[in-house]
1. Give, as ranges by residue number, the residues of region 64-106 whose backbone N falls under 15 Å from the point 7 Å along Cα→Cβ of residue 39.
2. May I ask you to compute the full-extension gain from residue 28 to residue 10, defined as 0.36 nm times their residue separation minus their alpha-carbon distance, rounded to one decimal in nm?
3. Could you work out how much longer the chain between residue 56 and residue 107 gets when fully extended? Use 0.36 nm per residue separation minus the Cα distance between them, nm to one decimal.
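What follows is calculated from the coordinates using simple rules that are stated; it is not laboratory data. Since the structure is predicted, the reported quantities are computational estimates derived from the model, not experimental observations. For neighbour counting, all protein chains shown are included, and Cβ atoms are generated from backbone atoms with ideal geometry for every residue, glycine included.
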């Protein structure tokens, strides 16, 4: 089992123990922990999946698009190059997540979020014209 997966399992198990020790109902949280461990065990690096033969042409095209969009975000917008958007989870036909965002009609502007344990965090402003690596007339 890769180190990344072991550390995720450790964190999930620790979280479950803390919840159980607090006297909270553990059935619901057990379901969440088991589900998260299943997701972590199913994910594979995109490059590894693309090298295999299990994908349909449509799935292959979508994963190549994910890689291209990620590279655009890093090279043009200036986003951090980290592990985001580098793994694939063949979870069946259900969406992995739903994302809702709202912004002004002509730009995405920074918004300061306030988290209980993490403190305040600004979202990244990716308005056209403020991209760090943008060229004129992009």
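1. 84-100
2. Taking 0.36 nm per residue and subtracting the Cα distance, the gain is 4.6 nm.
3. Fully extending the segment from residue 56 to residue 107 adds 14.8 nm.
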